[in-house]
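Remarks on the structure that follows.
The values are calculated or read from the model by the stated rules, or taken from the named source; none is laboratory data. A quick note: this is a predicted structure, and the numbers were derived from the prediction, not measured. Neighbour counts are summed over all protein chains in view; Cβ atoms, including those assigned to glycine, are modelled from backbone coordinates with ideal geometry. For accessibility, only protein heavy atoms count, side chains too; no ligands or nucleic acids. Shrake-Rupley method; radii C 1.70, N 1.55, O 1.52, S 1.80 Å.
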Amino acid sequence: MSTSYDVIVIGAGPAGYVAAIRAAQLGLKTACVDDFIGKDGKPALGGTCLNVGCIPSKALLESTKQFHALLHTFKDHGISAAEPTIDVPTMIGRKDKIVRQLTGGIATLFKANKVTALAGRGKLLANRQVEVTFHDGATEILSATNVILAAGSVPIEIPGIPFDGSHILDNVGALNIESVPKRFGVIGAGVIGLEMGSVWRRLGSEVTVLEALPDFLAACDADIARVAAREFKKQGLDIRLGCRVSGAKVVGDEVHVSYTDAAGASQDVVFDKLLVAVGRRAHTRGLLAEDSGVRLNPRGQIEVDAHCHTGVEGVWAIGDCVRGPMLAHKGSEEGIAVAELIAGKAGHVNLDTIPWVIYTEPEIAWVGKTEKECKDAGIPVKTGAFPFAAVGRAMAMNETYGSVKIIAHAETDRVLGVHMIGPMVSELIAECVVAMEFHASSEDLARICHAHPTLSEAVHEAALAVDKRAIHRAN
């Protein structure tokens, strides 16, 4: 007879572990199944985000930002140091320590909330049964009133360019390079490609980014993308657009890459390390038995309704394996919403107000629609923008690049989107998410008192600029 639970969650990433904890808080007997193996060879909770994604990449970004500042910008503050160096293995070790602390913290939270953690691969069978295959090959069948599928995503591999973990890397390999490569190549100018390219550029690598699309950061507002492209070029990132990679092979200790450039000419380039960062796909292979009743769309994602229900009684799906942006915070909110729906409470996630962040230098953040999306949809808009160069706190920080742009409906003044590039915009965007959740107008943001001197004054002035009444610049 199988062990029975109120809720079984398959996947312990930001979507799954949060769903499990919230379900347990609501008094539901909960188990969470996950097969991730950490760098030390032991099972680790937290999924891609905590182990080989969001958290370790931010640790490396912070370390390299400090080193780059010591070399190039601390002198503006009167700070100097003779011949500074960086110990890359120590930097990697610090990153690993942070990962261990956070993944261990999830285990502590599971214990405190009485969530049963099972280290193995989960597979949904018919009638809400879950087959768990443990790492030693043993299997067990569990049953549940509700099953939440939170299997996450995995990197997309380009056909003919397999990851080898040494020269041709996915995000995992790029986080564990032990010495600075002279030539670092990146396929894909998305979040992962730009962040990891920035890490190794700051440490002295010659970084070349090959992007297939003709436009840079097409998901961003065009004004913000233009500023980003200019700043990255100043930093020495060689970003080549409209490039179609046709092959890559390892020759000795080098990676030889062939591609067709935007003009249609064949090109070859040689790197010491190559990061393939062309996107991620839902990790649904082997997740579902044929008679589970759960359907996949053509992209391999689990089909769900607006409430993350699969259409099969008691079966839900959340996070990277369903529609919507592959973002940790989006998955977490879906996990909470589903747990509360299972418990008979209200649960909802507004996909239109999910914030996006790229943690480069400068940071890039946005929420809602771009100006182009509004115009393409026939929505009349008015916009206001304000540069950090006119913000006292930014000047004191010596980080005056970038701006805040607010897009509002031309007739109702409702905020439709906010786009930022500059210092700490990953934190500033939260105010705008709250404003949009409450259907605020640009006038609402303009009438809120913002502390001085702070970076948030750029949001305030941008809101004022929507009606051409910014105080600290000519309108």
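For the chain, what class follows from the C-alpha gyration tensor (a ≥ b ≥ c being the square roots of its eigenvalues): rounded when a/c is under 1.5, otherwise prolate if a/b is larger than b/c, else oblate? Mind dumping the intermediate values first?
Values: a/c = 1.70, a/b = 1.23, b/c = 1.38.
Taking the square roots of the gyration eigenvalues as a ≥ b ≥ c, the chain is oblate.
Taking the DSSP beta bridges with both ends in the chain, the antiparallel portion is around 60 percent. Of the accessible area of the stretch 176-287, computed with a 1.4 Å probe over protein heavy atoms only, carbon and sulfur atoms account for 50 percent.
What pairs from 95/273; 75/372; 111/369; 273/369; 65/375; 39/249 go past 32 Å between their alpha carbons? Walk me through the intermediate numbers first.
On the way: 95/273 20 Å; 75/372 41 Å; 111/369 41 Å; 273/369 36 Å; 65/375 37 Å; 39/249 26 Å.
Result: 75/372; 111/369; 273/369; 65/375 exceed 32 Å.
Which whole-number percentage describes the relative contact order of the stretch 294-344, with Cα contacts under 8 Å and a sequence gap of 6 or more? All intermediate terms of the calculation are to be shown ahead of the outcome.
On the way: 57 pairs, mean separation 13.5, N = 51.
Contact order relative to length: 27 percent.
Sorted largest first, the spans of the alpha carbon positions of the stretch 161-313 along the three principal axes are 54, 41, 32 Å.
The three principal axes of the Cα atoms in the stretch 63-159 give end-to-end lengths of 67, 44, 25 Å, sorted in falling order. The alpha carbon convex hull volume per residue for the stretch 272-347 rounds to 113 Å³. Ligands, DNA and RNA excluded, the heavy atoms of residue 40 present near 100 Å² of accessible surface to a 1.4 Å solvent probe. Roughly what percent of Cα-Cα pairs across the stretch 327-394 reach past 18 Å? Of all Cα-Cα pairs in the stretch 327-394, 62 percent lie more than 18 Å apart. Take residue 131: with every protein chain present and a 1.4 Å probe, its accessible area is about 60 Å².
Max-minus-min Cα coordinates of the stretch 82-217 on each principal axis give 60, 40, 29 Å, with the largest extent listed first.
Using the average count of surrounding beta-carbon atoms within 10 Å as a protection proxy, the listed peptides 192-204, 103-115, 10-22 rank, highest first, as 10-22, 192-204, 103-115. Taking the stretch 241-300 on its own, what percent of its Cα-Cα pair distances exceed 17 Å? Counting pairs separated by more than 17 Å, the tail of P(r) holds 59 percent. When every Cα-Cα distance of the stretch 1-146 is counted in 5 angstrom steps from zero, the calculated P(r) takes the values 2, 9, 16, 16, 14, 11, 8, 6, 6, 4, 4, 2, 1, 0, 0 percent. Farthest towards the positive end of the charge dipole of the chain, among the residues 327, 80, 148, is the Cα of 80, using unit charges on the Cβ of Lys, Arg, Asp and Glu.
The Rg/Rh ratio for the stretch 363-452, using Cα coordinates for both the radius of gyration and the Kirkwood hydrodynamic radius, is 0.98. Charge dipole of the stretch 149-262 (Cα centre as origin; +1 on each Lys and Arg Cβ, -1 on each Asp and Glu Cβ, all else neutral): 300 debye, rounded to the nearest 20.
Please state the charge dipole magnitude for the stretch 1-150, taken about the Cα centre, from unit charges on C-beta atoms (+1 on K and R, -1 on D and E), reported in debye and rounded to the nearest 20. Don't jump to the answer; show the numbers that get you there.
Numbers: 16 positive and 12 negative charges, 59 e Å.
That gives a dipole near 280 debye.
Each Lys and Arg Cβ is given +1 and each Asp and Glu Cβ -1; about its Cα centre, the chain then shows a dipole of about 360 debye. Overall, the anisotropy analysis places the stretch 189-269 in the oblate class: the square-rooted eigenvalues a ≥ b ≥ c of its C-alpha gyration tensor yield a/c not less than 1.5, with a/b not exceeding b/c.
Enter the mean projected area of the convex hull around the alpha-carbon atoms of the stretch 120-177, in nm², rounded to one decimal. Mind dumping the intermediate values first?
Values: hull surface 24.5 nm².
The Cα convex hull of the stretch 120-177, projected and averaged over all directions, gives 6.1 nm².
For the stretch 401-458, what does the alpha-carbon gyration tensor say about shape, rounded, prolate or oblate, given a ≥ b ≥ c as the root eigenvalues, a/c under 1.5 as rounded, and a/b over b/c as prolate? Prolate, since a/c reaches 1.5 and a/b exceeds b/c.
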